[in-house]
Ligand code: PHE
């Protein structure tokens, strides 16, 4: 297939919103506050931001270089840039990563559809036992699977419409809406009585909680949140045009992603702290068990506000999940289209079918298949582990090494400067980060974790 019929993003804004859409997801609104709550608030955030800009951003820029210079899916990218060399393994790891991540991500995304529906029909009423609601729902043998399938169906629909009228158009629609929802919710949250304690928790670093484990989690979180290491952004970059500025786009994506993560903290913690007896380190149940309780208690005197707050919150979560899931799906879809010369719709079906099967296994691991373990883990935890602790960091190491050690320096610089027409501030620092800091930094964390 020639490069011209593959499609391209039609505008600069489209590039940034689609890539930021990939980055901004459940990782920001669900996982980030959970990790912050567990690992000492602001101290964790500081370490996290260092990882975002010094480790994850160099990987992102490297993915952009690989994607745009090859203009093909992540496997063929290595085939084109390094013919006959084993680097192609990194491409296959990306396809595997995309499928695994979508399989478990769609489980949680399915939960958000259920919670959106419960909010909409005003069923998250005060006094309901939210812990039982959550447990009963996720362990039900068919309900969560149904919601997961609905979510995968929507993802499939958007991806099968193609780059410009699918991914770009929906990202342009959903991202601004998402940002507006987030800011309105923050406004709500900050005016709650007792919000100050939440702010204090977020802004005052508690370094005593910053254990080695917390530092390792911060890196895993940075990679997951920025979608780097599995060729997702390389795939998007294969649709960038010649004028796209790789470095400034990567920087914008990192900034948008970090701002959204921190704003989500500003939505959640002031709300959580405004209700006495609720702990900020509730773990993954934070947004599905703790928050419904908070919505009801905090707005007990004006229930309609609680209704609006909760509905907006779950819609926000759902939009964020969708803009990310389409990017996961696209990694493998681009590959299937180009490998077997299939039409986009057919290729998308192949990927969706695989994800339906694997995704169902993840979903059932909260219920009937709870006892089915592979290497001591249920499917959901196994896939999460394989992606976040293994494929992403290893991919990050390989990607940066490939760009700085294998690719011709001139080609890399030509990509970063658009053939010398751009002046990129800090270019040498960036190249240094790609060459040394990212592979070594990620390697240290990765091997540390494998050894533990
Ligand atoms: N970055 C997304 C999030 O924060 C998750 C993601 C991982 C998206 C890998 C694409 C690829 O939720």
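The values are calculated or read from the model by the stated rules, or taken from the named source; none is laboratory data. All values reported here derive from a predicted model rather than from experimental measurement. Positions of Cβ are backbone-derived with ideal geometry, glycine not excepted, and every protein chain shown enters the neighbour counts.
A single entry from 217, 238, 279, 252 fulfils the requirement of being more than 14 Å from the chain's Cα centre (by Cα), within 16 Å of the ligand (Cβ to nearest atom) and modelled with pLDDT under 95: 217.
Yes or no, residue by residue, for (1) farther than 18 Å from residue 233 by Cβ; (2) modelled with pLDDT under 95; (3) surrounded by 22 or more Cβ atoms within 10 Å (Cβ to Cβ); (4) within 16 Å of the ligand (Cβ to nearest atom):
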position	(1), (2), (3), (4)
4	yes, yes, no, no
18	no, no, yes, yes
22	no, no, yes, yes
38	yes, yes, no, no
48	yes, no, yes, yes
57	no, no, yes, yes
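One line per residue, one yes/no per condition, for (1) more than 18 Å from residue 249 (Cβ to Cβ); (2) loosely packed, with under 13 Cβ neighbours inside 10 Å; (3) in contact (Cβ under 8 Å) with a residue 12 or more places away in the chain:
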position	(1), (2), (3)
395	yes, no, yes
404	yes, no, yes
425	no, yes, no
431	no, no, yes
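Restrict the check to segment 68-82 and report whether at least one residue is within 15 Å of the ligand (Cβ to nearest atom) and closer than 23 Å to residue 430 by Cα. Yes, segment 68-82 contains a residue that is within 15 Å of the ligand (Cβ to nearest atom) and closer than 23 Å to residue 430 by Cα.
Condition first: free of Cβ contacts under 8 Å to residues at least 40 places away in the same chain and either buried (at least 24 other Cβ atoms within 10 Å of the Cβ) or in a helix (DSSP H, G or I) (or both). Now tell me which residues in segment 308-354 satisfy that.
Scanning segment 308-354 gives 308, 336, 340, 346, 347, 350, 353.
Conditions tested, residue by residue: (1) within 30 Å of residue 110 (Cα to Cα); (2) in a helix (DSSP H, G or I).
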{"site": "392", "(1), (2)": "yes, yes"}
{"site": "405", "(1), (2)": "no, yes"}
{"site": "414", "(1), (2)": "no, yes"}
{"site": "418", "(1), (2)": "no, no"}
{"site": "431", "(1), (2)": "no, yes"}
{"site": "444", "(1), (2)": "no, yes"}
{"site": "448", "(1), (2)": "no, yes"}
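Can we say residue 214 is within 26 Å of residue 189 (Cβ to Cβ), in contact (Cβ under 8 Å) with a residue 40 or more places away in the chain and surrounded by fewer than 21 Cβ atoms within 10 Å (Cβ to Cβ)? Yes.
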